[in-house]
Structures are given as C-alpha cells and as structure tokens.
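What follows is a single structure, written as structure tokens, with notes after it.
Each value in this text was obtained by applying a stated rule to the coordinates, not by laboratory testing. This one's a predicted model, so the numbers in the text were calculated from it and none came from an experiment. Ideal geometry is used to build each Cβ from the backbone, glycine not excepted, and the neighbour counts take in all protein chains shown.
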Amino acid sequence: MSSLKLSSKNQIVLPREAREAMHVKGGDELLVVVKGAVTLLMPKPKRYADALGGKSKALYPKTYLKRERRSW
C-alpha cells in the first residue's frame, strides 16, 4: 500500500502502481467520487456509452426481451 502527501498547493502525485493499475498518464482526467469517509479515484471514460454498455445484462433473464415483445 502506498501513501500520498497533499502539497501546500493542494496537489497530490499518484504512485506509479496506481497509475499503472488505472492505465492513466499525465494529462488524463480522473473522476473523484466521495462516499462518506471514502474517496474513490477512477479514470474518466472517453465515452460514457462504452463504459456503461452491457452493465445491465445480468439484471434480466435471457428470455425477458422476447416475452416483452410478444406481449405487445
């Protein structure tokens, strides 16, 4: 586990292992999500549609769409 230090200009430097794990480099944008006492850093997706695509596949059974279309 690595630690960071906040500079006097309120800046941080991400450790190399974190940059490599997130596949980010200088100039890339990060999203900051604050949930109570936990703060998450994640790379900002280039396209949100690509990042979110297919996330809901497991929510419905495979036959759900066919049944819905037949009900019309």
Exercise for review: Say whether the condition of being surrounded by 10 or more Cβ atoms within 10 Å (Cβ to Cβ) and among the aromatic types (Phe, Trp, Tyr) is met by at least one residue in region 57-70.
Suggested key: yes
Review point. Name the residues in region 11-45 that are in a loop (DSSP other than H, G, I, E, B) and surrounded by 10 or more Cβ atoms within 10 Å (Cβ to Cβ), would you?
Key: ILE12, VAL13, LEU14, PRO15, VAL24, ASP28, LYS44, PRO45
Revision key, fill the gap. By residue number, the members of region 16-72 that are small (Gly, Ala, Ser) and farther than 30 Å from SER3 by Cα are ALA49, GLY53, GLY54, SER56, ALA58, SER71
